[in-house]
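Colleague: Here you go, one structure.
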Amino acid sequence: GKFARVLGENVGVYDINIGDLSSTNYKLNFVGNSTLTITKRPIIIQALGGFKRYGTSDKLDYVVVGEGLLISDTLVGSLQREQGENVGSYQINLGTLHNDNYEIIRFYEARYEIIEARLDVTIDDLQQVYGQQEKSLTYTCNGLMFGENIEVKLYRNGDENVGEYSIIAKAIKVYDSNNNETTDNYIIKVHEGIYSITKAKVNINITPKTYIYSGKPYFMTCDNFDGQLEYIYTLRGNEVKDVVDCGVYKVVAIFKGN
């Protein structure tokens, strides 16, 4: 037969007993206080460098160098890194990674990079009728992290006349809940908008007019529209410069405005 010990394979101290050791010719008396000690197995861990985009979750990986872990064994806990969520480079450390049956005799550190998140600012297209009140410039935003707030100052080119004018962002800033600026954590893409001013619709009413001869020129006027009209007068088919003499004049109004 042979000696035996208390069952177990984890690190620790185990008592040795007589087991099934026996003899036909001898009565065995087991004496002593013998033990068997299982010590920790040494391992080396290498952290793997990596990166993530601002606002996403960490993914810290490692490998066990050399002989490594025995089959079916795993490490519990996790690697950790320097605190911080802003764009930059952070050192990865051992954290809580362990296994009670192993001794980590060496740990190789690595760097973990946080890169900018993409932020899209889309300026809304707007349309206004000439002469009406100018509309407020608006935008939509997609890609903000951690519930942060964005401040966008918009500006449109051009004047008040009919046409299409670009709307641009003059300044963009992002702030966290503590009002700290976090703009540098984003790659900001701005999609410009178009501000369209369309022609106003006008109904021009010109009614016949009758005057008494006075020797002075008379001029046609529009009842509901001032300015931007030019008038051509004809008498018996001939264009005249001034309406002075008695007669029936045909009047043509030409719109010369915007």
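The values are calculated or read from the model by the stated rules, or taken from the named source; none is laboratory data. Computed from a predicted model, the values in this text were never measured in an experiment. Cβ placement follows ideal geometry from the backbone for every residue including glycine, while neighbour counts extend to all protein chains displayed. Heads up: the accessible areas ignore ligands, DNA and RNA and are worked out on the full protein's heavy atoms, side chains in. Shrake-Rupley method; radii C 1.70, N 1.55, O 1.52, S 1.80 Å.
Colleague: Work out how much length Gln46 to Gln132 would gain on full extension: take 0.36 nm times their residue separation and subtract the Cα-Cα distance, in nm to one decimal.
Modeller: 24.1 nm is the gain from fully extending Gln46 to Gln132.
Colleague: What ranking of Leu28, Leu97 comes out by heavy-atom accessible area, probe 1.4 Å, highest first? Before the final figure, lay out the partial values.
Modeller: Values: Leu28 80, Leu97 10 Å².
Putting Leu28, Leu97 in descending order of accessible area: Leu28, Leu97.
Colleague: Now a separate question. With a 10 Å cut-off between alpha carbons and a GNM built on the chain, which of Phe219, Phe51, Phe146 moves the most?
Modeller: Highest fluctuation among the options: Phe219.
Colleague: For the pair Ile194 and Phe219, what calculated FRET efficiency results from E = 1/(1 + (r/R0)^6), where r is the Cβ-Cβ distance and R0 = 51 Å, to the nearest 0.05? Working shown, then result.
Modeller: Values: r = 42 Å, r/R0 = 0.82.
Step by step, r from the Cβ atoms, then E = 0.75.
Colleague: Label Lys2 and Phe255 with points 7 Å out from Cα along Cα→Cβ: what is the distance between them in nm?
Modeller: Placing both labels 7 Å along Cα→Cβ, they lie 11.0 nm apart.
Colleague: Label points 7 Å out from Cα along the Cβ direction at Tyr155 and Ser23: separation in nm?
Modeller: It is 10.5 nm.
Colleague: Work out, step by step, the length gained on full extension between Arg118 and Arg106: first 0.36 nm times the residue separation, then minus their alpha carbon distance; give nm to one decimal. Kindly include the intermediate steps, with their values, before the conclusion.
Modeller: Working: separation 12, 0.36 × 12 = 4.32 nm, distance 3.82 nm.
Extra length from Arg118 to Arg106 when fully extended: 0.5 nm.
Colleague: Using the structure shown, select from Lys189/Lys256; Lys153/Lys256; Lys135/Lys189 the pairs with a Cα to Cα distance greater than 32 angstrom. Let's see the in-between values first.
Modeller: Details: Lys189/Lys256 43 Å; Lys153/Lys256 38 Å; Lys135/Lys189 24 Å.
Over 32 Å apart, Cα to Cα: Lys189/Lys256; Lys153/Lys256.
Colleague: Separate question: Please give the Cα centre distance for the stretch 15-88 versus the stretch 131-187, rounded to the nearest Å.
Modeller: So the two Cα centres are separated by 55 Å.
Colleague: Nearest 5 is fine: what % of DSSP beta bridges in the stretch 39-185 come out antiparallel, could you say? Spell out each step's value before the answer.
Modeller: Numbers: 26 of 36 bridges.
Restricted to the stretch 39-185, the bridges split so that about 70 percent are antiparallel.
Colleague: Quick check: at a probe of 1.4 Å, how many percent of the accessible area of the stretch 1-157 sits on carbon and sulfur atoms?
Modeller: Numbers: 5170 of 10720 Å².
Carbon and sulfur together cover 48 percent of it.
Colleague: Also, quick follow-up: For the stretch 101-209, what does the relative contact order come out to in percent, with C-alpha contacts under 8 Å and a separation of six or more?
Modeller: Values: 183 pairs, mean separation 36.8, N = 109.
With pairs under 8 Å counted, the relative contact order is 34 percent.
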